[in-house]
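Peer 1: Here you go, one structure.
The values are calculated or read from the model by the stated rules, or taken from the named source; none is laboratory data. Computed from a predicted structure; not experimentally measured. Cβ: placed from backbone, ideal geometry, glycine included. Neighbour counts: every protein chain shown. All accessible areas refer to the heavy atoms of the entire protein, side chains included, with ligands and DNA or RNA removed. Shrake-Rupley method; radii C 1.70, N 1.55, O 1.52, S 1.80 Å.
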Amino acid sequence: MTNDAYTLASEAAAALRSATGLDTFDVALVMGSGWVPAADAIGETVSEVPFTGLPGFRAPAVAGHGGKIRVVRTPEGRHALVFLGRTHLYEGLGVDAVVHGVRTAAAAGVRTLVLTNAAGGLRPETQNVGDPVLISDHINLTGANPITGTTFIDLTEVYSRRLRALIHEIDPSLAEGVYVAFRGPTYETPAEIRMLRTLGGDMVGMSTVLEAIAAREAGLEVLGVSLVTNPGAGLSGEPLNHEEVLEVGRATAARMGVLLSKAVDRL
Ligand code: HPA
């Protein structure tokens, strides 16, 4: 990681402050594929800043991935940065671009980060379409890492135990699982899914892990939630497509919205 990427994030945070008239923000939420419809439930929209108006951000290339930061006032009066869209490693813009939003949020004063994603389910025995699963840990198979240099970062608790316990108070029935990330954009082969099950994965996707690492480097407390859009992933025998992932998001938006809105005021 070069200093330039951190400088760019500070510049983006300054631009965000001046665009919104707010000095600091309490929490940031990154809305993954299928999660954008749930964003409306988090609170009252104070302002929206398109990615294209902020240093270092690009409009997302993928349908359903949004492309702006919404500033939301929660019922308790907290200010949340809601990222409607994220950059993925498979877009080829590099790892700094993938974590730029997280670094910007940290530079803007955020201490708590909620990362959401759509994922294939590696445990179809217990997972159903539309189940939210709390991420307890991850396996990073992207081949990338947002940190360069000789500072060793502890990752024994990437996804905060404290935050997971708070979410379990809201919904005791939520399962926890290990999220495995590949670079994408290909979905996994059946052999890869069998491998991931053996490795101890519970969900598979193409995001989240690099952002979580960058967040830990910045000292943020991280909560991760996957929405299982296709249980069995590449083993189900059903070809996968992105439109189905978005459809599951629309169908579960109300439930995910309630979960997130209850969560943001307690984190
Ligand atoms: N694999 C990878 N990413 C995904 C999947 C999947 O099965 N479903 C939603 N995102």
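Peer 1: Positive end of the dipole of the chain, charges at C-beta (+1 Lys, Arg; -1 Asp, Glu), about the Cα centre: which of 126, 180, 147 has its Cα farthest in that direction?
Peer 2: Value: 147.
Peer 1: Sum up the charges of everything whose Cβ sits under 9 Å from the Cβ of residue 112, counting Lys and Arg as +1 and Asp and Glu as -1, but leave residue 112 out. Walk me through the numbers on the way to the answer.
Peer 2: Numbers: positive: 111; negative: 26, 221.
Net local charge, residue 112 excluded: -1.
Peer 1: Right, something else. Given a 1.4 Å probe and the protein chains all in place, what does the accessible area of residue 153 round to, in Å² to the nearest 10?
Peer 2: Spelled out: residue 153, probe radius 1.4 Å, area about 50 Å².
Peer 1: Would you kindly find the accessible area of residue 195, with a 1.4 Å probe and non-protein molecules such as ligands, DNA and RNA excluded, rounding to the nearest 10 Å²?
Peer 2: Per-residue accessible area (residue 195): approximately 80 Å².
Peer 1: Place a +1 charge on the Cβ of each Lys and Arg in the chain and a -1 charge on the Cβ of each Asp and Glu, then give the dipole magnitude about the Cα centre in debye, rounded to the nearest 20. Could the numbers behind the result be given before it?
Peer 2: Details: 21 positive and 29 negative charges, 52 e Å.
Once rounded to the nearest 20, the dipole reads 260 debye.
Peer 1: Could I ask something else about it? State log₁₀ I(q)/I(0) for region 25-106 at q = 0.17, 0.21, 0.27 Å⁻¹ as given by the Debye formula over alpha-carbon point scatterers of equal weight, solvent excluded.
Peer 2: -0.63, -0.95, -1.44
Peer 1: Okay, next question. Considering only 229, 198, 142, give the residue with the highest GNM mean-square fluctuation for the chain, with springs between Cα atoms whenever their separation is below 10 Å.
Peer 2: 198
Peer 1: Still on this structure, please answer the following. Which whole-number percent gives the relative contact order of the chain, counting Cα pairs below 8 Å spaced six or more residues apart? Write out the running numbers ahead of the final one.
Peer 2: Working: 578 pairs, mean separation 72.7, N = 267.
Once normalised by length, the contact order is 27 percent.
Peer 1: Testing the spin-label approximation: label points 7 Å from Cα along Cα→Cβ at residue 93 and residue 155. State their distance in nm.
Peer 2: Taking the simple label geometry, residue 93 and residue 155 are separated by 2.3 nm.
Peer 1: Region 161-216: Rg/Rh from Cα coordinates, Kirkwood Rh? Please list the in-between numbers first.
Peer 2: Numbers: Rg = 13.8 Å, Rh = 13.1 Å.
Answer for region 161-216: 1.05.
Peer 1: How far apart, in nm, are two points set 7 Å out from the Cα along the Cα-to-Cβ line at residue 123 and at residue 76?
Peer 2: Result: 2.9 nm between the two label points.
Peer 1: On the protein heavy atoms, probe 1.4 angstrom, tell me the percent of accessible surface of the chain carried by carbon and sulfur.
Peer 2: Working: 5660 of 11010 Å².
Carbon and sulfur together cover 51 percent of it.
Peer 1: Another question about this same structure. Over the chain, with the other protein chains present, what is the accessible area per residue in square angstrom, probe 1.4 angstrom?
Peer 2: 41
Peer 1: What is the projected area of the convex hull of the Cα atoms of the chain, averaged over all directions, in nm²?
Peer 2: Values: hull surface 50.8 nm².
Mean projected area for the chain: 12.7 nm², to one decimal.
Peer 1: Taking the Cβ of residue 202 as the centre, find all other residues whose Cβ is under 10 Å away and add up their charges (Lys, Arg: +1; Asp, Glu: -1).
Peer 2: Every neighbour counted, the sum reads 0.
Peer 1: With the alpha-carbon atoms as the only input, what is the per residue convex hull volume for region 119-267 in Å³? Mind dumping the intermediate values first?
Peer 2: On the way: hull volume 16.9 nm³, N = 149.
Expressed per residue, the convex hull around the Cα atoms of region 119-267 is 113 Å³.
Peer 1: Which one, 113, 45, 56, is farthest towards the positive end of the dipole of the chain when Lys and Arg carry +1 and Asp and Glu -1 on their Cβ?
Peer 2: Result: 45, furthest along the dipole toward the positive end.
Peer 1: If we count every other residue with Cβ under 11 angstrom of residue 177's Cβ, Lys/Arg +1 and Asp/Glu -1, where does the sum land?
Peer 2: -3
Peer 1: Let me ask something else. Note down the magnitude of the dipole of region 60-194 about its Cα centre, charges +1 on Lys and Arg C-beta and -1 on Asp and Glu C-beta and zero elsewhere, to the nearest 20 debye. Can you show the working numbers first?
Peer 2: Values: 13 positive and 13 negative charges, 105 e Å.
My answer is approximately 500 debye.
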